[in-house]
1. Against the condition under 25 Å from ALA99 (Cα atoms), out of contact with any Pro (no Cβ under 9 Å at 6 or more places or on another chain) and among the small types (Gly, Ala, Ser), how does GLY129 come out, does it pass?
2. Name the helices (runs of 4 or more DSSP H) wholly within region 1-96 that hold at least 2 residues that are in contact with a helix residue (DSSP H, G or I) (Cβ under 6 Å, 6 or more places away or on another chain) and closer than 26 Å to LYS224 by Cβ?
3. Out of all the residues in region 104-113, is one or more over 18 Å from VAL10 (Cα atoms), outside any helix (DSSP H, G or I), among the hydrophobic types (A, V, I, L, M, F, W, C) and free of Cβ contacts under 8 Å to residues at least 12 places away in the same chain?
4. Which of the residues belonging to region 158-173 are of a type outside the set (Lys, Arg) and in contact with a helix residue (DSSP H, G or I) (Cβ under 8 Å, 6 or more places away or on another chain)?
5. Kindly provide the set of residues from region 173-220 that are crowded, with 16+ Cβ neighbours inside 10 Å, in a loop (DSSP other than H, G, I, E, B) and polar (S, T, N, Q), ordered by number.
6. Over 23 Å from ASP50 (Cβ atoms), in contact with a Ser or Thr (Cβ under 7 Å, 6 or more places away or on another chain) and not in a strand (DSSP E or B) - does that describe any residue in region 132-144?
7. What are the pairs, 6+ residues apart or on separate chains, where a residue within region 39-66 that is closer than 20 Å to ASN114 by Cβ has its Cβ under 6 Å from a residue that is of a type in the set (Gly, Ala, Ser) and modelled with pLDDT of 95 or more?
8. Here's a check for you: in region 145-162, which residue that is of a type in the set (A, V, I, L, M), within 26 Å of GLU179 (Cα to Cα) and assigned to a helix (DSSP H, G or I) is farthest from the chain's Cα centre (by Cα)?
Amino acid sequence: MPPIGLRQHVDKMRRDWDCRAQENARHYVNTARSDWTDEEFFRDGQKTVDEEILTDMINICQGMEPGRMRVLEIGCGAGRVTRALSLLFGEVWAVDISAEMVSQARRALADRPNARVFQNNGCDLAVLGDIEVDFTFSTLVFQHISNREIIENYVREAHRLLRPGGLFKFQVQGDTTMETTPEDTWLGAPFSEAQAREMARRCGFDMRYSHGAGEQYFWLWFFKALTPR
């Protein structure tokens, strides 16, 4: 359960994303177009996996066979990327704050028994219990969260569930000239490279790489230490 001070913001995020999902879920997952067909939508998710996963398998797999790995996706939306992940990895666990997004993702993944989707509380990963995952991934998610405390709590939770040495690869808003308000559920809090590195340290991660500092799509590679700090 989120702390009392965050519940109002989390509740607004949930309401807003349910409304967006009911209006046009696929458009709000990827605003490049508003008339996604099934084939185009999931091909776009495969493109993300091709560009961000398949080009980075050394960091992601670290010698493990993908088919034996359990991976976690934070903010799965309507299952655009989740489906492609399920074609590559042995198990995929995914969460989203919106009940409507979760419902659509489950329908999209009905033929993928190795993919499981859960509605989480918008602040942590308690719904998953104490499962251990080999890799965690998130894209086009934290760039919509204007509350830094919520973002950092997700990072801390990713650390909790990752196996020692595992990677959390994710994207935040990197354009620090952007201004956000606490009520905003579309434009996320921006991070400089120094702020991202400090967040990694606080959450027990080693930030080994980054790409896109100062830009809208700021990618971060957070590795969990092999031994507790």
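1. On the way: under 25 Å from ALA99 (Cα atoms): yes; out of contact with any Pro (no Cβ under 9 Å at 6 or more places or on another chain): yes; among the small types (Gly, Ala, Ser): yes.
In short, yes.
2. 38-52, 80-86
3. Yes, there is a match, as at least one residue in region 104-113 is over 18 Å from VAL10 (Cα atoms), outside any helix (DSSP H, G or I), among the hydrophobic types (A, V, I, L, M, F, W, C) and free of Cβ contacts under 8 Å to residues at least 12 places away in the same chain.
4. LEU161, LEU167, PHE168, PHE170, GLN171, VAL172, GLN173
5. Listed by number, the residues that qualify are THR180, THR185.
6. yes
7. Matching pairs, first to second residue: GLY45/ALA84; GLN46/ALA84; VAL49/ALA84.
8. Residues of region 145-162 that are of a type in the set (A, V, I, L, M), as a first pass: 145, 150-151, 155, 158, 161-162.
Restricting the remaining residues to those that are within 26 Å of GLU179 (Cα to Cα) gives 145, 150-151, 155.
Those left that are additionally assigned to a helix (DSSP H, G or I): 150-151, 155.
On the way: ILE150: 13, ILE151: 10, VAL155: 10 Å.
Once the filter is applied, the top-ranked residue is ILE150.
The values are calculated or read from the model by the stated rules, or taken from the named source; none is laboratory data. Every value quoted in this text rests on a predicted model; they were computed, and no experiment measured them. Every residue, glycine as well, gets a Cβ built from its backbone with ideal geometry; the counts of neighbours run over all protein chains shown.
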